Amino acid sequence: MDLNQRIAQFETMVRPGADPTNDMAWFSLGGAYAQAGRHLDAANAYVRCYTLNPSMSKAYQLGGKAYMDAGKRDEAVEVLREGFKVAGSRGDRMPMKAMGDLLTELGETPPVVEAPVQEAGGGGTFVCRRTGKPGNQLARAPFKGPVGAWIHANIARETFEEWIRQGTKVINEMRLDLSRDDDAATYDRHMREYLGIDDALLADLENAP
């Protein structure tokens, strides 16, 4: 499926009369618009995503970056500051850092946020790279290959279990059939975005000896 087909697919999913409250479809539409260089459309799609799902830190990050790419500085600052606080309150360390870096790039000081209260019974001495929280390491890599090995080395079991729940939502809301290559690629892309595996890191992992 080429980029224009992907855009058409996601636009169809979120149109009135279909499923306009599907936050995951808006998120994917934002990504497709960004790939096509339609940065303002991408920003608007990401805003729609986090309006429907205010806990989705990554949508704030990507929405703010899309506004920056569209030359909308004030809008970018507003989204990134709001998203920075949301990420901070949830303990989403990687999106929080990324938004802080973008705000600094814009000449803005990231807002001060209180550290989230650690839930009782978190336990473990393995520190999750995505959240910065102590937890427990996965017993083994969740799947073969360099990405699976990276997840095992960097992502706590508790965080990966959160992704499994989110991944189920992705499958259901986007009506994915994982036996199809395009749908499996969509699922994998959401997983990498959730866990903080950006394109640069993915390339490094795939090209490692």
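Roughly speaking, what is the stretch gain from T104 to N136, that is 0.36 nm per residue apart minus the C-alpha to C-alpha distance, in nm to one decimal?
Numbers: separation 32, 0.36 × 32 = 11.52 nm, distance 3.30 nm.
Extra length available between T104 and N136 comes to 8.2 nm.
Sorted from largest to smallest, which semi-axis lengths in Å does the alpha carbon gyration tensor of segment 119-209 give for its equivalent ellipsoid, taking the root of 5 times each eigenvalue? Before the final figure, lay out the partial values.
Working: eigenvalues 106, 64, 22 Å².
Square roots of five times the eigenvalues give 23, 18, 11 Å.
Gain in length, D2 to K144, computed as 0.36 nm per residue apart minus the alpha-carbon separation, to one decimal in nm?
Values: separation 142, 0.36 × 142 = 51.12 nm, distance 2.73 nm.
Value of the extension gain: 48.4 nm.
Name the residue farthest towards the positive end of the dipole of the chain from the options N44, G124, V14, assuming +1 on Cβ of Lys and Arg, -1 on Cβ of Asp and Glu, about the Cα centre.
G124
Suppose the chain between V112 and T125 were pulled fully straight at 0.36 nm per residue; how much longer would it get relative to their current alpha carbon spacing? Please report the intermediate quantities before stating the final value.
On the way: separation 13, 0.36 × 13 = 4.68 nm, distance 2.69 nm.
2.0 nm is the gain from fully extending V112 to T125.
Taking springs between alpha-carbon atoms closer than 10 angstrom, which of G30, G64, G135 fluctuates most in the Gaussian network model of the chain?
G135
Can you tell me the dipole magnitude for the chain around its Cα centre, using point charges on the Cβ only (Lys, Arg +1; Asp, Glu -1), in Debye to the nearest 20? Numbers along the way, then the final one.
Values: 25 positive and 30 negative charges, 86 e Å.
Rounded to the nearest 20 debye, it is 420 debye.
Each label point is 7 Å from the Cα along the Cα-to-Cβ direction; what then is the distance between the points at N172 and E11, in nm?
Computed distance between label sites N172 and E11 equals 2.9 nm.
Cut-off 10 angstrom, C-alpha nodes, Gaussian network model of the chain. Which of D69, D199, D101 fluctuates the most?
Judging by the Gaussian network model, the answer is D199.
Sequence gap at least 6, Cα distance under 8 Å: using those rules, report the relative contact order of the chain to the nearest whole percent.
On the way: 281 pairs, mean separation 25.8, N = 209.
The normalised contact order for the chain reaches 12 percent.
For G135, enumerate residues with amide H under 5 Å from its amide H, sequence gap 5+ or separate chain, H modeled in the peptide plane.
Sorted by chain and number, the residues that satisfy this are T125, F126, V127, C128.
Over what distance in Å are the Cα centres of segment 163-209 and segment 28-47 separated?
18 Å
Can you pull the one-decimal nm distance between simple spin-label points at R90 and L202, each 7 Å off the Cα toward Cβ?
Distance between label points: 2.0 nm.
Every number in this text was worked out from the coordinates using simple rules, so none of it is lab data. All of these numbers come straight from a predicted model, not from anything done at the bench. Heads up, the Cβs are rebuilt from the backbone with ideal geometry, glycines too, and the neighbour counts pull from every protein chain shown.
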